[in-house]
Amino acid sequence: MTRLLHIANFNSLRLKGCFQCGFPVKISSGLIKNGFEVINYADRDLCRMFGFGHMNTLGRWRLNKHLIEFCRTTRPDALLLGHANTIENETILKIKKILPGIRVMQWNCDSITPESKRNIKALTERLEVVDLTMISTGDKAMLSMFKKNDKPVAYLPNMVDSAIETGKAFAEPTPAFDVLLCANTGQRQFCGKDTAIEEILNESENQIPNLKWLLGGLRGYPPLHGAEYLNAFSKAGMGFNLSRYNDVYLYSSDRLAHIIGNGELALIDRATGFADVIPEDGAAFYGNREEFYDKLAFYKNNTDARMKAAALGHRAFYREFDNQSVTAYMAALLFEQFKTAQRPWQIVI
C-alpha cells in the first residue's frame, strides 16, 4: 500500500470558516477512497502546541524537528504540502535524504492574482524541493509562473464529497431563503468591476421584490462556521458564488463546491469559464448586471425551473469534480502515471 503524509491546516484548534469541508479534508478523504493510506499532519495546530499556544520561532523549530522524526518513523512514500508554510525547505531536503525516492507535491487553493504577493512568494520558494505543484486556477499563464526544471504544474479543481455535501436543495420547492451569500464585507469583482457587496445586495433588493437573503458575515450577521455553515446550504434555493476575482479561468473559492454540491443553483459569472464543465442550463450564468438580476428574478419566481437547473448542475459537478476522481488524478500526476488529458479541466503545463 502506498502511504501518503498530508501536511495541511486541518484546524482542530481554531474553529473558524469551513474547516469541516475544506480542501485538506476532501483531499485526504478522496485519497483514502482510492486505496491510499493517508496520515494527516496538522502543521499549524502542532506549531501552536509546540510554541505554547503561538506560531512562534520556538514552535516552528520544534515542529520541523518533529516532522523529520515523524517521517523517519512512518516512512511515507510521498508528502503532500497544503499551504504548509510552517515547514522549511531544509526540512524537506533532510527527509529526502532519509527516504530516497519520496515524492513531494504542494497544493494551493488561494488566489495567485498580482496582488497575492505573499501566496505567490510561498509557492515560488517551494519549487526547488517539490516534484509537482497544483493550484486552483486553470489559467495557463498564471500556472506558468511556477514552471521550473520541467516539473509539472497543474490545475487543482474545487471538489465535492458526497459524505460532506449532503444537502439536496434542488429537491426543496419552498426553501426558507432565496439566496445564500457568505463573505466578508468589502469589495468583490462583479461583472468585471470592483463593487461593494452591500451595493450588490441593495440593488438586488431594489430590482427583485421580497428577495430573501441568507447572509453570513454581512450586514451584521455573524460568519458561519462548522456545522452551522454546512447546514446553511440546505436553507436556500440558490447560492451566490462571488469570489474576490471572477474572471480567472476555472478559479473560484471552494464555496462553489459547497453551493452546487449541496444542491443549490449557483449564480456564476460567465467570465470564470465554468460553462466549459457545467452545462449552460445547469447554473445561473451571467455576463452583466442585467443578466444577473434577470436570472435571479426568474429562478426566484420559477420553482420548477430552479429545481431542474440545480439538479442538472449538481450531477455535472459530481461527474467532473468528485473528490475520488480528482485525487486519483492528483496521485497519477504525483507518481508520474498520468498520460493524456481525459477531461477539459485536466490542465497540466
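General observations
- Residues that are in contact (Cβ under 8 Å) with a residue 60 or more places away in the chain, open to solvent by less than 30 Å² (accessible area, probe 1.4 Å), in contact with a Lys or Arg (Cβ under 8 Å, 6 or more places away or on another chain) and not small (Gly, Ala, Ser) within the range 75-87 comprise PRO76, LEU79, LEU81, listed in sequence order.
- The set of residues in the range 116-150 that are under 17 Å from GLN346 (Cβ atoms) and open to solvent by less than 50 Å² (accessible area, probe 1.4 Å) comprises LEU132, THR133, MET134, ILE135, SER136, THR137, GLY138, ASP139, MET142, LEU143.
- Applying the criterion of being under 22 Å from LEU4 (Cα atoms) and without any contact (Cβ under 8 Å) to a residue 12 or more places away in the chain to the residues of the range 53-72, the residue that is most open to solvent (accessible area, probe 1.4 Å) is LYS65.
- Residues that are out of contact with any Lys or Arg (no Cβ under 8 Å at 6 or more places or on another chain), farther than 20 Å from HIS225 by Cα and aliphatic (A, V, I, L, M) within the range 39-49 comprise LEU46, MET49, listed in sequence order.
- Among the residues of the range 305-338, those that are of a type outside the set (Ser, Thr, Tyr) and closer than 23 Å to ILE102 by Cβ comprise VAL326, ALA328, MET330, ALA331, ALA332, LEU333, LEU334, PHE335, GLU336, GLN337, PHE338.
Residue-by-condition table, conditions (1) at pLDDT below 95; (2) surrounded by 16 or more Cβ atoms within 10 Å (Cβ to Cβ); (3) aromatic (Phe, Trp, Tyr); (4) farther than 30 Å from GLY217 by Cα:
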{"site": "MET1", "(1), (2), (3), (4)": "yes, no, no, yes"}
{"site": "LEU5", "(1), (2), (3), (4)": "no, yes, no, yes"}
{"site": "LYS16", "(1), (2), (3), (4)": "yes, no, no, no"}
{"site": "LYS33", "(1), (2), (3), (4)": "no, yes, no, yes"}
{"site": "VAL38", "(1), (2), (3), (4)": "no, yes, no, yes"}
{"site": "CYS47", "(1), (2), (3), (4)": "no, yes, no, no"}
{"site": "GLY51", "(1), (2), (3), (4)": "no, yes, no, yes"}
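- Qualifying position, being over 23 Å from the mean Cα position of the chain (by Cα), open to solvent by 60 Å² or more (accessible area, probe 1.4 Å) and of a type in the set (Phe, Trp, Tyr), among PHE298, PHE292: PHE298
- Test: residue in the range 228-242 that is crowded, with 23+ Cβ neighbours inside 10 Å and part of a loop (DSSP other than H, G, I, E, B): yes
- Complete set of residues in the range 254-268 that are under 15 Å from THR137 (Cα atoms) and not in a helix (DSSP H, G or I): ASP254
- Only one of the listed residues (TYR221, TYR251) is surrounded by fewer than 20 Cβ atoms within 10 Å (Cβ to Cβ), assigned to a loop (DSSP other than H, G, I, E, B) and aromatic (Phe, Trp, Tyr). That residue is TYR221.
- Residue match in the range 194-201 (condition: out of contact with any Lys or Arg (no Cβ under 8 Å at 6 or more places or on another chain) and crowded, with 22+ Cβ neighbours inside 10 Å): no
- The residues in the range 306-329 that are within 19 Å of the chain's Cα centre (by Cα) and either open to solvent by less than 20 Å² (accessible area, probe 1.4 Å) or farther than 17 Å from LEU256 by Cβ (or both) can be counted, and the count is 10.
The values are calculated or read from the model by the stated rules, or taken from the named source; none is laboratory data. These numbers come from a predicted model, not from an experiment. Cβ sites come from the backbone with ideal geometry, for glycine too, and all protein chains shown count toward neighbours. For the accessible areas, the whole protein counts, side chains as well, though only heavy atoms, and no ligand, DNA or RNA atoms are used. Shrake-Rupley method; radii C 1.70, N 1.55, O 1.52, S 1.80 Å.
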